[in-house]
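Before I ask anything, here is the structure I am working with.
The values are calculated or read from the model by the stated rules, or taken from the named source; none is laboratory data. Keep in mind that what you see is a predicted model, and the values were worked out from it rather than measured. Here Cβ is always computed from backbone atoms with ideal geometry, including for glycine, and neighbour counts include all displayed protein chains. Note: accessible area is taken over every heavy atom of the protein model, side chains too, but ligands, DNA and RNA are not part of it. Shrake-Rupley method; radii C 1.70, N 1.55, O 1.52, S 1.80 Å.
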Amino acid sequence: MTTPDPDLSQPPFNRFPTWTLSKLRPSAIKTIQHVHEFIETKCIPAQSIMKSQLAQNRWRTPPLMRHLRTEAQAAGLWNLFLPPEFPSSPGLTNLEYACCAELMGRVYWAAQTMNCHAPETGNIELLAKYCNDAQKEKWLAPLLRGEFSSAYSMTEPDVASSDATNIGIEIRREGDEYVINGRKLFGNAKWNPDVRLYILMGCTDPTNADIRRRHSMLLVPADTPGLAMRQNLSIMGYDCAPEGHGEYIYTNVRVPVSNVILGEGRAFEIAQGRLGPGRIHHCMRLLGQGELAYELALVRATDERKKPRGKLIGEFDSNIERIAQMRLELDAMRLVVFSAADTLDSKGKDGHGSKKDRYVIAQSKILVPAAVARIIDECMQLYGGQGLTQYTPLPEMWTYARFVRLADGPDAAHRHQVGRDQLKGAKEVLARHVKYYEIALELKKQFGLEDELKDDCSWEYINLAGAKAKL
């Protein structure tokens, strides 16, 4: 029995911009439809079951998750994020994957059923891009098969590690080994035995004159002696089990020199290659979180049992406008994220390079988490006091959106990057405005209005003398 061709006027395609639909290949359309059906029938209905199983053993992967991962892998819904240039890739473009990731985002853990969750996506791309053949065989191949999980160990509590040049955990070479000492925050909880690998960023050459050559990345097996998890870090009160967020103490942790990735002093090069796509993936999934929250708002707004002052909640003008605003913001965010994905796909084809990539990644990372958190907050408001409780998934959804505002760098760091890049273009803008003035001067001469220049204050925003000297 053949599957009928998807109707692009129906979910999930009816929310995608027209320009996006025109860029989706037939094979990708079928994959997106398949992901949609899997999420709608396997994941959303199973949320309470997943919670019940997790309550029985919080630091073990629930049996339902293992079952769904097996089912997704058998159906070919596996490693969908992996870019086409890698041998194991299913071949989706960034834009095509964005459509899939939004659907996965409707349930926090759904991406994990398809091996498309954080930090796995970033770690797998890192290993695929930068590791040697022996490292890939030992660590990448099992991760691609979903045999165990990995963690990324970068953030530190004792420095402002949003500026990664401050990272100070000590990595000292002794013969054929590196010895690691220091403390890290985050990185998936070692209490879950599925976590078997930590990708560590630390300082191997603290006196190097080039601050971006001081750091290296190492592969650290979770069972290495001296690597201890002090505690799990709760996020806004949630323990985020079974993945968690650990605080780690490295005490004389020894790994072979062969565990360095790409070579000493290459950590910044590797980190930039890892973090870019991961930031976009978070934003893709957040669209799905926002859409599900919006659906819950529509359910509440039309609930016949809830009629304050004899009217449905959705019949009050303020709530009609609230629902409209949420819809508009979700659609606007999708344009931003999908445009960013398409820009990454266009690199090398139309001259887009790393500067353009950095901008669209930062734009998405700044705008989307804050906007989705705001939308979920509005949905919680529609539910009243119940919206703050476990009666809906809204509080956990809001927490995830708020967390992503800091994951992979705080808003301020990304805004700084965008603002700094924009100011670099100020000279070109100034030159255009000087040209406007010169054209205006010629037009006034043409129409005999030279004397009016003395009283024309509309050009005082330009420091003409300073501008001409600068240009």
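Looking only at the range 324-361, which residues are of a type in the set (Gly, Ala, Ser) and closer than 21 Å to Pro17 by Cβ?
Ala324, Ala332, Ser339, Ala340, Ala341, Ser346
In this structure, is Asp421 open to solvent by less than 40 Å² (accessible area, probe 1.4 Å) and out of contact with any helix residue (DSSP H, G or I) (no Cβ under 6 Å at 6 or more places or on another chain)?
yes
For (1) at pLDDT below 95; (2) open to solvent by less than 10 Å² (accessible area, probe 1.4 Å); (3) assigned by the TED database to the domain that holds Gly246, each residue gets a yes or a no:
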{"residue": "Met104", "(1), (2), (3)": "no, yes, no"}
{"residue": "Val107", "(1), (2), (3)": "no, yes, no"}
{"residue": "Ala111", "(1), (2), (3)": "no, yes, no"}
{"residue": "Asn115", "(1), (2), (3)": "no, yes, no"}
{"residue": "Ala118", "(1), (2), (3)": "yes, no, no"}
{"residue": "Gly122", "(1), (2), (3)": "yes, yes, no"}
{"residue": "Ala128", "(1), (2), (3)": "yes, no, no"}
{"residue": "Asn132", "(1), (2), (3)": "no, no, no"}
{"residue": "Lys138", "(1), (2), (3)": "no, no, no"}
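Glu321 - would you say it is open to solvent by 40 Å² or more (accessible area, probe 1.4 Å), in the same structural domain as Gln381 (by the TED database), of a type in the set (Asp, Glu) and outside any helix (DSSP H, G or I)?
Taking the combined requirement at face value, the residue does not satisfy it.
How many residues are assigned to a helix (DSSP H, G or I), out of contact with any helix residue (DSSP H, G or I) (no Cβ under 6 Å at 6 or more places or on another chain) and farther than 21 Å from Asp239 by Cβ when one looks only at the range 379-414?
6
Among what's in the range 23-53 and is touching a residue at least 24 places away in the same chain (Cβ under 8 Å) and open to solvent by less than 20 Å² (accessible area, probe 1.4 Å), pick the residue that is farthest from the chain's Cα centre (by Cα).
Looking at residues that are touching a residue at least 24 places away in the same chain (Cβ under 8 Å) and open to solvent by less than 20 Å² (accessible area, probe 1.4 Å), I get Met50.
Next question, about the same structure. Taking the stated definitions as given, is Arg254 at pLDDT 95 or above, open to solvent by 60 Å² or more (accessible area, probe 1.4 Å) and either over 30 Å from Met201 (Cα atoms) or not assigned by the TED database to the domain that holds Leu382 (or both)?
Numbers: at pLDDT 95 or above: yes; open to solvent by 60 Å² or more (accessible area, probe 1.4 Å): yes; either over 30 Å from Met201 (Cα atoms) or not assigned by the TED database to the domain that holds Leu382 (or both): yes.
Considered against the rule, which asks whether it is at pLDDT 95 or above, open to solvent by 60 Å² or more (accessible area, probe 1.4 Å) and either over 30 Å from Met201 (Cα atoms) or not assigned by the TED database to the domain that holds Leu382 (or both), Arg254 comes out as yes.
Another one. Among (1) assigned to a helix (DSSP H, G or I); (2) at pLDDT 95 or above, where does Gly278 come up short?
Of the numbered conditions (1) assigned to a helix (DSSP H, G or I); (2) at pLDDT 95 or above, the odd one out for Gly278 is (2).
Can you name the residue in the range 362-418 that is at pLDDT 90 or above and of a type in the set (D, E, K, R) and is also surrounded by the most Cβ atoms within 10 Å (Cβ to Cβ) among such residues?
Looking at residues that are at pLDDT 90 or above and of a type in the set (D, E, K, R), I get Lys365.
Of the conditions (1) hydrophobic (A, V, I, L, M, F, W, C); (2) over 26 Å from Arg58 (Cα atoms); (3) crowded, with 16+ Cβ neighbours inside 10 Å; (4) in contact (Cβ under 8 Å) with a residue 40 or more places away in the chain, Ile211 fails just one. Which one is it?
Among (1) hydrophobic (A, V, I, L, M, F, W, C); (2) over 26 Å from Arg58 (Cα atoms); (3) crowded, with 16+ Cβ neighbours inside 10 Å; (4) in contact (Cβ under 8 Å) with a residue 40 or more places away in the chain, Ile211 violates only (3).
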